[in-house]
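Trainee: Structure provided below as structure tokens; questions to follow.
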């Protein structure tokens, strides 16, 4: 077998390193004789470390995979395709689509192709987000109600105390009672915002998503009249759908306004940009329901990006990447999108942040 001096790999298999899917060759004993670069990445190990190991030894639940490989060695099928969830110690399970084929070589073995099951990963992630969102909503609702009553009592007591203060000391002590009253009012406003999505009725009507985007565009440009460009990349074929127009305006506004505030330095430099982009997505699964058509709305900015330490938590209540932010805007946006049976996702890196909203279409 000829080896490539640069890679220490069989030269006749070098082309397999160009494939995006993982390719693994097993000998007749089920030991790894070759793994391409994608397989090294997927298994998080080098060919040198993997070589001569039994593939089944890499996983905690190898029975199904071992059975398939044994059948392949006995030539019970030419190739078999199957979705597998391969559990690993201390790491996330590998959810893959496998293609197992028997080799007709003198040294019979098995060729295995593994492709990450992206759709399953996406469904699992959406399910976790939905479950977390439901927990958050219950927590917020209960916490807000628990805070509301004592807060009213604190404010009322401070007002009564102010009235009872001797006139001689009123000017000196009134400052303290006013602090109590103002802080109680501030917390009351916060509690009201927490409860807002659960109080307001869901008003359904015909919605044109481009009217929603244009309304938000005009509001943002009124607040940031110079230094910010808002580009539009619309698909005019997107049909109207049933939804709460005001909720969707608030959703897009919360995201766009956060982006505009994050663009402060670029606005000052005059090269800040927001992009509203709409497309139609086909055959989309949202919360385990398959839809033929869906709205694919992107709100993209060229700002500094979201800090990595909060990127996975930006939709949690009271998590904010901005000084003085309440951390409620994206939580409300997620709530409103979920009330429309959709999902909201975010991809961010320095110079590029993309909030993607997917809603089912009729």
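Trainee: Taking residue 307, is it within 19 Å of residue 233 (Cα to Cα) and not in a strand (DSSP E or B)?
Mentor: Considered against the rule, which asks whether it is within 19 Å of residue 233 (Cα to Cα) and not in a strand (DSSP E or B), residue 307 comes out as no.
For (1) out of contact with any helix residue (DSSP H, G or I) (no Cβ under 8 Å at 6 or more places or on another chain); (2) surrounded by fewer than 21 Cβ atoms within 10 Å (Cβ to Cβ); (3) assigned by TED's automatic domain parsing to the domain that holds residue 224, each residue gets a yes or a no:
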position: 248; (1), (2), (3): no, no, yes
position: 253; (1), (2), (3): no, yes, yes
position: 275; (1), (2), (3): yes, yes, yes
position: 293; (1), (2), (3): yes, yes, yes
position: 299; (1), (2), (3): no, no, yes
position: 305; (1), (2), (3): yes, yes, yes
position: 309; (1), (2), (3): yes, yes, yes
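Trainee: Of these, 94, 123, 114, which one is surrounded by 16 or more Cβ atoms within 10 Å (Cβ to Cβ), at pLDDT below 65, closer than 30 Å to residue 283 by Cα and within 26 Å of the chain's Cα centre (by Cα)? Steps first, answer last, please.
Mentor: Details: 94 fails: at pLDDT below 65; 114 fails: at pLDDT below 65.
Criteria check complete, one pass: 123.
Trainee: Would you mind stating whether residue 237 is over 18 Å from residue 356 (Cα atoms) and in the same structural domain as residue 356 (by TED's automatic domain parsing)?
Mentor: Working: over 18 Å from residue 356 (Cα atoms): yes; in the same structural domain as residue 356 (by TED's automatic domain parsing): yes.
Yes: the conditions hold for residue 237.
Trainee: Please find, within segment 42-73, the residue that is farthest from residue 116 (Cα to Cα) out of those that are in contact with a strand residue (DSSP E or B) (Cβ under 8 Å, 6 or more places away or on another chain) and exposed (fewer than 12 other Cβ atoms within 10 Å of the Cβ).
Mentor: So the residue we want is 52.
Trainee: Go through segment 204-222 and give me each residue that's touching a helix residue (DSSP H, G or I) at 6+ places or on another chain (Cβ under 7 Å) and in a helix (DSSP H, G or I).
Mentor: 212, 213, 215, 216, 219, 220
Trainee: Sticking with this structure for a sec: Determine, yes or no, whether residue 259 is in contact with a strand residue (DSSP E or B) (Cβ under 8 Å, 6 or more places away or on another chain) and at positive phi.
Mentor: In short, no.
Trainee: Another question about this same structure. Surrounded by fewer than 19 Cβ atoms within 10 Å (Cβ to Cβ), in contact with a helix residue (DSSP H, G or I) (Cβ under 6 Å, 6 or more places away or on another chain) and at pLDDT below 90: is that true of residue 289 in this structure?
Mentor: no
Trainee: Taking segment 191-206 only, how many residues are at pLDDT 70 or above and either surrounded by 15 or more Cβ atoms within 10 Å (Cβ to Cβ) or touching a strand residue (DSSP E or B) at 6+ places or on another chain (Cβ under 8 Å) (or both)?
Mentor: Residues meeting the conditions: 4.
Trainee: Inspect all residues belonging to segment 233-246 and state whether any of them is surrounded by fewer than 20 Cβ atoms within 10 Å (Cβ to Cβ), within 26 Å of residue 349 (Cβ to Cβ) and touching a helix residue (DSSP H, G or I) at 6+ places or on another chain (Cβ under 7 Å).
Mentor: Yes; the residues of segment 233-246 include at least one that is surrounded by fewer than 20 Cβ atoms within 10 Å (Cβ to Cβ), within 26 Å of residue 349 (Cβ to Cβ) and touching a helix residue (DSSP H, G or I) at 6+ places or on another chain (Cβ under 7 Å).
The values are calculated or read from the model by the stated rules, or taken from the named source; none is laboratory data. Predicted model, so just to flag it, every value in this text is computed and none were measured. Please note: Cβ atoms are built from the backbone with ideal geometry, for glycine as well, and neighbour counts cover all protein chains shown.
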